[in-house]
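I have placed the structure first, in the form of C-alpha cells, so that the comments after it can refer back to it.
Just so you know, all these numbers are worked out from the coordinates, no wet-lab data involved. Please read all numbers here as calculations on a predicted model, not as lab measurements. As a convention, Cβ positions derive from the backbone with ideal geometry for all residues, glycine included, and neighbour counts pool all protein chains shown.
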Amino acid sequence: MFLLLSMVTKSQSPEFQYRGIDPTNDCKSVMEYKVVAPSGTATYAWDFGDGNTGVGSVATHTYATPGTYDVTLTADGDVANAKKVSVIVHPFDHFVAIRDNTTPGAGTFQYKIGSPLFSSAGTYTFSWAITGPDGYVVDPASTNWKFSHTFPFSGNFNIAFTVTSSFGCTSTRNRVVAVADTLIVPNVFTPDGDGVNDIWSIKSNGKDKLNVKIYSRAGVLVYEENAAIILWDGKTAYGKELASGVYYYVVDRADKVLPAQKGFFYLLRGK
C-alpha cells in the first residue's frame, strides 16, 4: 500500500523597495520601485495608487502631485498575497538636514544638507539661505543640491531651499532645524564600588543645564537632578542604594531646543 501525501506551500507576499529620484523637467515627482523578493517570479504587476499601473521587477512612475499613495505589488497574478505599502511621494523641493558630528562639547555643529531626490542639476538651479539667532545670515549658503554647513552655535535656524527649473516652475521650501549639542546617555552601569563604570554619566558639553528624572519600572521617581554635569551613583537622594534592574530616564534641556530625550538603561550590581 502506498500513502500519497500532498503538500501545500503557502505563498508569501512579495517585498519591494522604493525611493524618490530626479524630478521631471516640469517639476513632477518621480519614484523608483524595485522588487526585493521573490527573485524567481515570472511576472510583477504594479498599482501605483494614483490610477496608473506598471510591470517589471523595476518600475519608475511620475506622479502629478505629491502625497501619500497606496502602492501594490502583485507577483505571478497572486492577488491574495499582493503587497500594499503606503508610500510618501515628496515634492521636488524636498530636503533633509542631518547632523554630521556627534562629539559633545565640540562648540560647532556640522550638518549635511541637501535634496535626496537629485543626482545631478540637469535643468535645475538651486539656492540655499540660512538664518538664525543673533542676526546669523548665510545667503547664499550654496548653489548646489547638496552641501555641508557648520553652525557656529546652537539654536533654531531657518533653512530656505529654492529650486528653479528652466522649464518655468519654481518653489521655495522653508524648514526650521533645531541645532543643539549631542547628549550621549549610557545604557548600562555597574555601581558596585570596583572603580569601573560606577557612575551613570551623561556626556554633554558641560555648559547647558539639564533636567534629569529617573524612574523605576513601576513608574516611581527615584532620582532627579538639575545641572549641567550629570553624575549619578545609583542611589536615591537619601543615600539608599537602588536594586539591580531596568530604569527609565527623561532628559530635558533647559533651552528646550530639542524635545526631551527618553529611554531605558540597566543598573547592575555585583554579587
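Annotations
- When +1 charges are put on Lys and Arg Cβ atoms and -1 charges on Asp and Glu Cβ atoms, the dipole computed for the stretch 188-267 relative to its Cα centre reaches about 360 debye.
- When the Cα gyration tensor is reduced to axis lengths a ≥ b ≥ c, the ratio a/c is 1.5 or higher for the stretch 70-131, and with a/b not above b/c it is classed as oblate.
- Under 13 Å, Cβ to Cβ, from residue 155 - net charge with Lys/Arg +1 and Asp/Glu -1: -2
- Remark: for residue pairs 112/213; 146/256; 203/256; 112/262, the C-alpha separation exceeds 21 Å in 112/213; 146/256; 112/262.
- For the stretch 46-57, backbone phi angles converted through the Karplus equation (6.51, -1.76, 1.60; θ = phi - 60°) give residue-by-residue couplings of 10, 10, 7, x, 10, x, 10, 10, x, 9, x, 6 Hz, Gly and Pro being listed as x.
- Modelled label positions at residue 176 and residue 58, each set 7 Å beyond Cα in the direction of Cβ, lie 4.2 nm from each other.
- Cα gyration tensor shape of the stretch 96-179, rounded if a/c is under 1.5, else prolate or oblate by comparing a/b with b/c: prolate
- Straight-line reach from residue 83: taking Cα to Cα under 15 Å and skipping same-chain neighbours fewer than 8 places apart, the aspartates and glutamates in range are 15, 47, 70.
- Largest to smallest principal axis extent of the C-alpha atoms in the stretch 183-234, angstrom: 29, 28, 15
- Of the residues 216, 66, 98, the one whose Cα sits farthest towards the positive end of the charge dipole of the chain is 216 (charges of +1 on Lys and Arg Cβ, -1 on Asp and Glu Cβ, taken about the Cα centre).
- Considering only 190, 41, 133, the residue lying farthest towards the positive end of the dipole of the chain is 190, judged by Cα position with unit charges set on Cβ.
- Filtered trypsin sites (Lys or Arg not before Pro), the stretch 75-134: DSSP coil and at most 14 other beta carbons within 10 Å: none
- Ordering 164, 201, 178 by Cα displacement along the dipole of the chain toward the positive end leaves 201 in first place; charges were set at the Cβ atoms of Lys, Arg (+1) and Asp, Glu (-1).
- What the Cα atoms of the stretch 23-107 give is an Rg and a Dmax of 17.3, 58 Å.
- In the stretch 227-271, the convex hull through the Cα atoms has an average projected area of 4.0 nm², a quarter of its surface area.
- Global geometry of the stretch 38-180, whether rounded, prolate or oblate, following the gyration tensor of its Cα atoms and the 1.5 cut on a/c: prolate
- Counted charge near residue 177, where neighbours are those whose Cβ lies closer than 13 Å (Asp, Glu -1; Lys, Arg +1): +3
- Counted charge near residue 67, where neighbours are those whose Cβ lies closer than 14 Å (Asp, Glu -1; Lys, Arg +1): -1
- C-alpha center-to-center spacing [the stretch 78-94, the stretch 225-258] in angstrom: 43
- Matching the structure-derived log10 I(q)/I(0) by the Debye sum over Cα atoms at q = 0.07, 0.08, 0.10, 0.11 Å⁻¹ against the labelled list (1) -0.47, -0.59, -0.80, -0.88; (2) -0.24, -0.32, -0.50, -0.61; (3) -0.29, -0.37, -0.56, -0.67 gives the label (1).
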